[in-house]
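First the structure, in the form of C-alpha coordinates, and then the observations on it.
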Amino acid sequence: MSPPNAPAEDPGPQGQAASVPAPNGQRPHKPYHHGALRTALLDAAEAELGEHGIEGFSLRGVAKRADVSHAAPAHHFRDANGLLTALAARGYERFLARQQDFQHQAPAEPRAQLEAIGVGYVNFAVENPALFRLMFGSDRTDYNDPELKSSAEAAFFALVDGVVRVTSKGAAPSRAQPPATPSQANQLLSTHAPERATGAPPAHLLQAAGSTDVAAAWALAHGLADLMVAGRLPSLMALAAQERNRAIAAILTRSLP
(Lines give C-alpha, C1' and ligand atoms only; values in the text may rest on other atoms or scores of the structure.)
Protein backbone atom coordinates (compact mmCIF):
# COMPACT_ATOMS: atom_id res chain seq x y z
CA MET A 1 0.00 0.00 0.00
CA SER A 2 1.23 3.51 -0.71
CA PRO A 3 2.19 5.96 2.02
CA PRO A 4 -0.69 8.38 2.89
CA ASN A 5 -1.42 10.89 0.10
CA ALA A 6 1.35 9.43 -2.09
CA PRO A 7 -0.23 7.76 -5.15
CA ALA A 8 1.58 4.70 -6.37
CA GLU A 9 0.94 5.44 -10.00
CA ASP A 10 2.97 8.65 -10.43
CA PRO A 11 4.97 8.29 -13.64
CA GLY A 12 8.65 7.60 -13.17
CA PRO A 13 11.58 8.58 -15.38
CA GLN A 14 10.92 8.76 -19.12
CA GLY A 15 7.20 8.31 -18.59
CA GLN A 16 7.52 4.87 -16.93
CA ALA A 17 4.97 4.09 -14.25
CA ALA A 18 6.54 3.65 -10.84
CA SER A 19 5.24 1.55 -8.00
CA VAL A 20 5.88 2.64 -4.43
CA PRO A 21 7.24 0.04 -1.98
CA ALA A 22 4.45 -1.11 0.30
CA PRO A 23 4.98 -0.91 4.06
CA ASN A 24 4.39 -3.85 6.39
CA GLY A 25 4.78 -6.34 3.57
CA GLN A 26 1.49 -5.37 1.92
CA ARG A 27 1.03 -5.60 -1.82
CA PRO A 28 1.74 -2.32 -3.66
CA HIS A 29 -0.96 -0.67 -5.71
CA LYS A 30 -1.04 -1.41 -9.40
CA PRO A 31 1.18 0.99 -11.40
CA TYR A 32 -0.28 2.79 -14.43
CA HIS A 33 1.12 5.05 -17.09
CA HIS A 34 -0.46 8.48 -16.76
CA GLY A 35 -2.82 8.14 -19.75
CA ALA A 36 -3.81 4.60 -18.86
CA LEU A 37 -4.80 5.65 -15.34
CA ARG A 38 -7.65 7.83 -16.57
CA THR A 39 -9.03 5.01 -18.71
CA ALA A 40 -8.66 2.54 -15.85
CA LEU A 41 -10.52 4.88 -13.50
CA LEU A 42 -13.35 5.35 -15.99
CA ASP A 43 -13.62 1.59 -16.48
CA ALA A 44 -13.68 1.09 -12.71
CA ALA A 45 -16.23 3.90 -12.33
CA GLU A 46 -18.58 2.25 -14.81
CA ALA A 47 -18.33 -1.07 -12.97
CA GLU A 48 -18.87 0.68 -9.63
CA LEU A 49 -21.88 2.53 -11.02
CA GLY A 50 -23.37 -0.69 -12.37
CA GLU A 51 -22.98 -2.47 -9.04
CA HIS A 52 -23.88 0.27 -6.57
CA GLY A 53 -25.87 2.81 -8.58
CA ILE A 54 -25.49 6.57 -8.46
CA GLU A 55 -26.49 6.76 -4.79
CA GLY A 56 -23.79 4.33 -3.68
CA PHE A 57 -21.07 5.63 -6.00
CA SER A 58 -17.84 6.79 -4.33
CA LEU A 59 -14.29 7.67 -5.32
CA ARG A 60 -12.99 5.31 -2.64
CA GLY A 61 -14.88 2.44 -4.21
CA VAL A 62 -13.54 3.32 -7.67
CA ALA A 63 -9.96 3.55 -6.38
CA LYS A 64 -10.27 0.18 -4.67
CA ARG A 65 -11.72 -1.42 -7.79
CA ALA A 66 -8.92 0.04 -9.97
CA ASP A 67 -6.36 -1.05 -7.34
CA VAL A 68 -4.89 2.42 -6.88
CA SER A 69 -4.45 4.75 -3.92
CA HIS A 70 -7.35 6.80 -2.58
CA ALA A 71 -5.69 9.94 -3.90
CA ALA A 72 -5.29 8.65 -7.47
CA PRO A 73 -8.68 9.78 -8.87
CA ALA A 74 -7.93 13.39 -7.87
CA HIS A 75 -5.15 13.46 -10.46
CA HIS A 76 -7.79 13.47 -13.22
CA PHE A 77 -11.15 14.30 -11.59
CA ARG A 78 -11.84 16.96 -9.00
CA ASP A 79 -14.36 14.82 -7.10
CA ALA A 80 -16.92 12.03 -7.54
CA ASN A 81 -19.19 14.28 -9.60
CA GLY A 82 -16.29 15.15 -11.88
CA LEU A 83 -15.66 11.46 -12.49
CA LEU A 84 -19.36 10.84 -13.14
CA THR A 85 -19.37 13.75 -15.59
CA ALA A 86 -16.44 12.27 -17.51
CA LEU A 87 -18.14 8.87 -17.48
CA ALA A 88 -21.33 10.37 -18.88
CA ALA A 89 -19.31 12.05 -21.65
CA ARG A 90 -17.82 8.71 -22.61
CA GLY A 91 -21.30 7.23 -22.40
CA TYR A 92 -22.63 9.66 -25.01
CA GLU A 93 -19.77 8.77 -27.36
CA ARG A 94 -20.67 5.09 -27.08
CA PHE A 95 -24.37 5.95 -27.32
CA LEU A 96 -23.80 7.68 -30.66
CA ALA A 97 -21.55 4.87 -31.89
CA ARG A 98 -24.21 2.27 -31.01
CA GLN A 99 -26.81 4.13 -33.04
CA GLN A 100 -24.39 4.30 -35.93
CA ASP A 101 -23.86 0.53 -35.72
CA PHE A 102 -27.52 0.11 -36.60
CA GLN A 103 -27.46 2.89 -39.20
CA HIS A 104 -24.63 1.19 -41.07
CA GLN A 105 -26.71 -2.00 -41.27
CA ALA A 106 -29.87 -0.20 -42.43
CA PRO A 107 -30.87 0.97 -45.91
CA ALA A 108 -29.82 4.53 -46.75
CA GLU A 109 -33.43 5.66 -47.11
CA PRO A 110 -34.04 8.43 -44.53
CA ARG A 111 -36.88 6.73 -42.68
CA ALA A 112 -34.87 3.53 -42.30
CA GLN A 113 -31.93 5.56 -41.02
CA LEU A 114 -34.07 7.34 -38.43
CA GLU A 115 -35.56 4.02 -37.33
CA ALA A 116 -32.01 2.69 -36.92
CA ILE A 117 -31.12 5.67 -34.71
CA GLY A 118 -34.08 4.84 -32.50
CA VAL A 119 -33.31 1.12 -32.37
CA GLY A 120 -29.71 1.93 -31.42
CA TYR A 121 -30.98 4.35 -28.76
CA VAL A 122 -33.10 1.65 -27.12
CA ASN A 123 -30.45 -1.06 -27.41
CA PHE A 124 -27.83 1.14 -25.76
CA ALA A 125 -30.18 1.77 -22.84
CA VAL A 126 -30.97 -1.92 -22.38
CA GLU A 127 -27.29 -2.88 -22.62
CA ASN A 128 -26.10 -0.10 -20.28
CA PRO A 129 -28.95 0.70 -17.87
CA ALA A 130 -26.88 2.34 -15.12
CA LEU A 131 -24.92 4.45 -17.58
CA PHE A 132 -28.14 5.43 -19.38
CA ARG A 133 -29.65 6.58 -16.09
CA LEU A 134 -26.54 8.60 -15.32
CA MET A 135 -26.61 10.30 -18.72
CA PHE A 136 -30.28 11.21 -18.72
CA GLY A 137 -31.51 11.16 -15.15
CA SER A 138 -28.82 12.35 -12.76
CA ASP A 139 -28.14 15.80 -11.32
CA ARG A 140 -24.55 14.81 -10.45
CA THR A 141 -23.26 15.46 -13.98
CA ASP A 142 -22.12 18.91 -15.05
CA TYR A 143 -23.39 19.81 -18.52
CA ASN A 144 -21.23 22.92 -18.50
CA ASP A 145 -18.24 20.61 -18.79
CA PRO A 146 -16.93 21.03 -22.37
CA GLU A 147 -16.37 17.31 -22.94
CA LEU A 148 -19.83 16.30 -21.77
CA LYS A 149 -21.49 19.20 -23.54
CA SER A 150 -19.82 18.30 -26.83
CA SER A 151 -20.58 14.58 -26.72
CA ALA A 152 -24.20 15.09 -25.62
CA GLU A 153 -24.80 17.69 -28.33
CA ALA A 154 -23.27 15.43 -30.98
CA ALA A 155 -25.76 12.71 -30.07
CA PHE A 156 -28.69 15.14 -30.11
CA PHE A 157 -27.63 16.63 -33.43
CA ALA A 158 -27.58 13.14 -34.94
CA LEU A 159 -31.23 12.75 -33.98
CA VAL A 160 -32.14 16.17 -35.32
CA ASP A 161 -30.31 15.45 -38.57
CA GLY A 162 -32.20 12.16 -38.90
CA VAL A 163 -35.53 13.92 -38.47
CA VAL A 164 -34.50 16.62 -40.96
CA ARG A 165 -33.75 14.00 -43.63
CA VAL A 166 -37.22 12.49 -43.18
CA THR A 167 -39.23 15.71 -43.00
CA SER A 168 -37.39 17.88 -45.54
CA LYS A 169 -39.42 18.23 -48.69
CA GLY A 170 -37.83 16.80 -51.77
CA ALA A 171 -34.86 15.30 -49.93
CA ALA A 172 -33.89 12.35 -52.06
CA PRO A 173 -32.39 9.27 -50.39
CA SER A 174 -28.70 8.93 -51.12
CA ARG A 175 -26.22 6.20 -50.32
CA ALA A 176 -23.54 8.87 -50.63
CA GLN A 177 -24.60 10.21 -47.21
CA PRO A 178 -23.67 7.60 -44.57
CA PRO A 179 -24.16 8.27 -40.85
CA ALA A 180 -21.77 10.91 -39.58
CA THR A 181 -18.87 9.80 -37.42
CA PRO A 182 -18.51 11.37 -33.93
CA SER A 183 -15.70 13.59 -35.24
CA GLN A 184 -17.86 14.72 -38.17
CA ALA A 185 -20.72 15.47 -35.81
CA ASN A 186 -18.43 17.58 -33.66
CA GLN A 187 -17.13 19.34 -36.77
CA LEU A 188 -20.74 20.27 -37.56
CA LEU A 189 -21.14 21.55 -34.01
CA SER A 190 -18.01 23.69 -34.28
CA THR A 191 -19.49 25.59 -37.21
CA HIS A 192 -22.44 26.70 -35.06
CA ALA A 193 -20.74 28.21 -32.02
CA PRO A 194 -23.47 30.82 -31.26
CA GLU A 195 -26.15 28.14 -31.05
CA ARG A 196 -23.88 25.88 -29.01
CA ALA A 197 -23.39 28.62 -26.45
CA THR A 198 -27.10 28.42 -25.64
CA GLY A 199 -27.15 24.61 -25.64
CA ALA A 200 -29.55 24.62 -28.61
CA PRO A 201 -29.20 23.05 -32.05
CA PRO A 202 -28.73 25.39 -35.02
CA ALA A 203 -32.00 27.17 -35.65
CA HIS A 204 -32.14 26.13 -39.29
CA LEU A 205 -32.02 22.46 -38.31
CA LEU A 206 -34.88 22.76 -35.86
CA GLN A 207 -36.85 24.82 -38.37
CA ALA A 208 -36.27 22.23 -41.06
CA ALA A 209 -37.28 19.35 -38.81
CA GLY A 210 -39.99 21.12 -36.88
CA SER A 211 -39.49 21.12 -33.12
CA THR A 212 -42.62 18.99 -32.65
CA ASP A 213 -41.24 16.29 -34.96
CA VAL A 214 -37.92 16.24 -33.08
CA ALA A 215 -39.72 16.10 -29.73
CA ALA A 216 -41.98 13.27 -30.92
CA ALA A 217 -39.10 11.15 -32.21
CA TRP A 218 -37.02 11.75 -29.09
CA ALA A 219 -39.87 11.24 -26.64
CA LEU A 220 -40.92 7.94 -28.18
CA ALA A 221 -37.38 6.53 -28.39
CA HIS A 222 -36.49 7.67 -24.87
CA GLY A 223 -39.79 6.64 -23.36
CA LEU A 224 -39.54 3.18 -24.88
CA ALA A 225 -35.94 2.85 -23.69
CA ASP A 226 -36.87 3.96 -20.18
CA LEU A 227 -39.77 1.53 -19.94
CA MET A 228 -37.61 -1.35 -21.10
CA VAL A 229 -34.80 -0.51 -18.67
CA ALA A 230 -37.39 -0.37 -15.87
CA GLY A 231 -38.66 -3.82 -16.82
CA ARG A 232 -42.12 -2.49 -17.70
CA LEU A 233 -42.30 -4.22 -21.10
CA PRO A 234 -41.44 -7.84 -20.28
CA SER A 235 -43.14 -9.22 -23.38
CA LEU A 236 -40.90 -7.08 -25.59
CA MET A 237 -37.78 -7.92 -23.59
CA ALA A 238 -38.57 -11.63 -23.89
CA LEU A 239 -38.26 -11.56 -27.68
CA ALA A 240 -35.11 -12.72 -29.44
CA ALA A 241 -32.81 -9.80 -30.31
CA GLN A 242 -33.64 -9.59 -34.02
CA GLU A 243 -37.37 -9.92 -33.45
CA ARG A 244 -37.24 -7.38 -30.63
CA ASN A 245 -35.44 -4.86 -32.84
CA ARG A 246 -38.10 -5.26 -35.52
CA ALA A 247 -40.78 -4.62 -32.91
CA ILE A 248 -38.93 -1.57 -31.61
CA ALA A 249 -38.64 -0.19 -35.16
CA ALA A 250 -42.35 -0.76 -35.74
CA ILE A 251 -43.20 1.17 -32.56
CA LEU A 252 -40.83 4.02 -33.40
CA THR A 253 -42.28 4.54 -36.88
CA ARG A 254 -45.51 5.67 -35.28
CA SER A 255 -43.86 8.99 -34.42
CA LEU A 256 -42.74 9.63 -37.99
CA PRO A 257 -44.71 11.98 -40.23
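The values are calculated or read from the model by the stated rules, or taken from the named source; none is laboratory data. If you're wondering where the values come from, they're calculated on a predicted model, not measured in any experiment. For neighbour counting, all protein chains shown are included, and Cβ atoms are generated from backbone atoms with ideal geometry for every residue, glycine included.
Structure notes:
- Flag set for VAL166, criterion: of a type in the set (A, V, I, L, M), at pLDDT below 95 and more than 20 Å from LEU42 (Cα to Cα).
- Screening THR198 against (1) at pLDDT 90 or above; (2) on the phi < 0 side of the Ramachandran plot; (3) loosely packed, with under 14 Cβ neighbours inside 10 Å leaves a single unmet condition, (1).
- Flag for VAL126 being surrounded by fewer than 19 Cβ atoms within 10 Å (Cβ to Cβ), over 14 Å from GLU93 (Cβ atoms) and either at pLDDT 85 or above or in contact with a strand residue (DSSP E or B) (Cβ under 9 Å, 6 or more places away or on another chain) (or both): yes
- Any chance GLU48 is farther than 25 Å from MET237 by Cβ and surrounded by fewer than 22 Cβ atoms within 10 Å (Cβ to Cβ): no
- Matching residues in segment 202-223 - criterion: being modelled with pLDDT under 65 and within 23 Å of the chain's Cα centre (by Cα): PRO202, LEU205, LEU206
- GLU9 being farther than 20 Å from ASP145 by Cα, in contact with a strand residue (DSSP E or B) (Cβ under 8 Å, 6 or more places away or on another chain) and at pLDDT below 95: yes
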